C-alpha cells in the first residue's frame, strides 16, 4: 500500500500560495448515516464513480464491520478505484480493523480509519473506560491497522470536548504507533472557528513529530459552523478536510464539500490553497447524491441550491443585466450550472421583464410593454413561480384580446353540492359595462349562459378544452372554446390561474371573432342585466 502523507506548514504565517488541501469525502459513510439516506450497492458504486471523476482525494466508502452490505460496498469500490485512496472505518477493536483490512485488500491505495472517543463525557458514559484504557486502545488499534496498510488515519471522537492535555497524549501515541493522518473531529458541532483553529495550532505545536503527519478536520453542522470551522482548521495548518456532498450526515449534517471547495477557489486571496476537485462536476455530483438518497437540496443552499444563481428582485436583476459581478461572486459555469437565471416574480422590474420578452421573441413599444408588465405583475401576485410558458401565454392572450369589443371585467361563481351552480359576470361591451347572472348545469355552463344574457347569440358550442400551461397547482389554465354559427366556426382562447376565468375569456374571445366574421358591428349599447 502507498503511504499518503505530507508535511503541513509550521504556522499560519508560512502558508504557501500553492498549499494543497486533500478532500476526504465521507458521503458514503457518514452521509449514509443520515436517517433515511441508506443506499443500495449499485447506488454506492454510482456515487463512488462520481466522486472519482470529481477528483476527491480520499473516499471513505463505508464501515465494513457494520453489515455485509457495507463490507461488499467497500470491497467493490476498492476494486474499481483507479485514482482515489479508498478508506474503511473501524472502531478501536481487532475485529473491526481485520474486517476493514479484508475489504480493502484489493485497493490500489487503501486506508484504515480507526477511532475512539476521548472526551470525558464519552469515556464515562459511552465507553465506560478510563483515560489510560483509552490511551492503550489508541496504541493497539493504530499498531494493528498499520500492520495491514501503510496509510492509517486515527480520529479522536468528540475531540473538541476533550481535555487538551489528554488529547495531546492520544495524538502523540497515535503518531508513535504509525498513524499518518490525525483527524480532529468536532463530532457534535460544538466548537466555534477561533476555538477550533487554536486547537489545531496547539496540537501541531505541542505534540512531538506533529510535522510528520497530516492533520484533518471533520466538523459537524449542529450550530451551522461546519464549513467555517473546517476553514479555520485549514488556516491553522490542517491539510485534509472531511466533508460530504450537499453536507449530508448525522443530525444537521457535515461540512459541505461544495462549500469548502468553492470557498477556497473563490477566495484564494484570503485562503491560499488548492484542491484537486473538478468544480464543473459539482452540480452533477449534488444532483446524483440527492437522487440516490431522496434528500432534496434546499432551494437557498449555497453553491448547489436551485436559487444559488437565481435573481428575482428588480434591483438585483437590473444589476445583473448590466454586469453579472454586481450580484454574483462566482460564475455558475464553474460549478456546472449552465447559466444564471433571472426569475420573474412580483419583485421583478421592467428592465428584466423587457429583457425576458426580447429573449422570447417579442418586441413591444412602451405602451404595450406597460400593459403586459401590469398583467405580469397581477399574475405574479397569484403565482409563486412565473415560467417562460406563463409569460408567453400571458402576452399571447393580451395580443389576442387587444382588439376585442367584448371584454371580461369580473366574475364570481358559486358551485358545489348545496345548490345549482350560478355565475355573476361583468363584461365591457364596446366600452359599456354590463352585468349578467345565470345558472347552469355546472359552473362553466353557468358562465356561458351569463354571457348570453348580455350578448344574445345563436352560436353553438362545438368544443371546450382545458390544459395546464405549466406544472403545479398554481399553474395557469389555457382554455380553448370553439363556437359555430351559420356554418362559420371560430376558436377562442383564454388563460388565467383560475380555470373559470380562463373559460369566460375564451368564450368571449370566440364571440369577438364571430363579430369579425359577421362583418357587422355590435349595437353601441346593449341592455345590461343588473348593475
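Quick note: the coordinates plus some simple rules give every number you see, no bench work behind them. In this text, all values refer to a predicted model and were calculated from it rather than measured experimentally. Methodologically, a virtual Cβ is constructed for each residue, glycine included, from the backbone with ideal geometry; neighbour enumeration extends over all protein chains shown.
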- prompt: For residue 458 and residue 418, what is the calculated FRET efficiency with R₀ set at 41 Å and r taken between the beta-carbons, to the nearest 0.05?
  reply: 0.80
- request: Would you mind calculating the gained length between residue 126 and residue 252 on full extension (0.36 nm times residue separation, minus the Cα-Cα distance), in nm to one decimal?
  value: 43.2 nm
message: I need the P(r) histogram for the range 93-178: all alpha carbon pairs, bin width 5 Å from 0 out to the longest distance, whole percents.
response: 3, 16, 26, 22, 16, 11, 5, 2
37 °C / 0.692 mPa s Stokes-Einstein diffusion coefficient of the range 143-297, Kirkwood radius on C-alpha pairs, µm²/s: 203 µm²/s
- prompt: For the range 45-140, what number results from the quotient of the Cα radius of gyration and 2.2 N^0.38 Å?
  reply: 1.21
- line: the range 488-503 and the range 406-465 have their Cα centres apart by a whole-number Å value of 12 Å
query: Taking the Cα atoms of the range 192-238, what is the range of coordinates along each of the three principal axes, in descending order and whole Å?
result: 33, 16, 15
- request: Measure out, as a whole number of angstrom, how far apart the alpha-carbon centroids of the range 30-73 and the range 97-166 sit.
  value: 21 Å
- request: With N set to the residue count of the range 106-155, report its C-alpha Rg divided by 2.2 N^0.38 Å to two decimal places.
  value: 1.32
task: Please find the FRET efficiency linking residue 333 to residue 79, where r is the Cβ-Cβ separation and R0 is fixed at 30 Å, and quote it to the nearest 0.05.
output: 0.30
Computed over the range 14-293, Kirkwood Rh from alpha-carbon pairs, angstrom: 18.4 Å
message: Using the Kirkwood radius over C-alpha pairs as Rh, can you work out the diffusion coefficient of the range 403-518 via Stokes-Einstein at 4 °C, viscosity 1.567 mPa s, in µm² per second?
response: 91 µm²/s
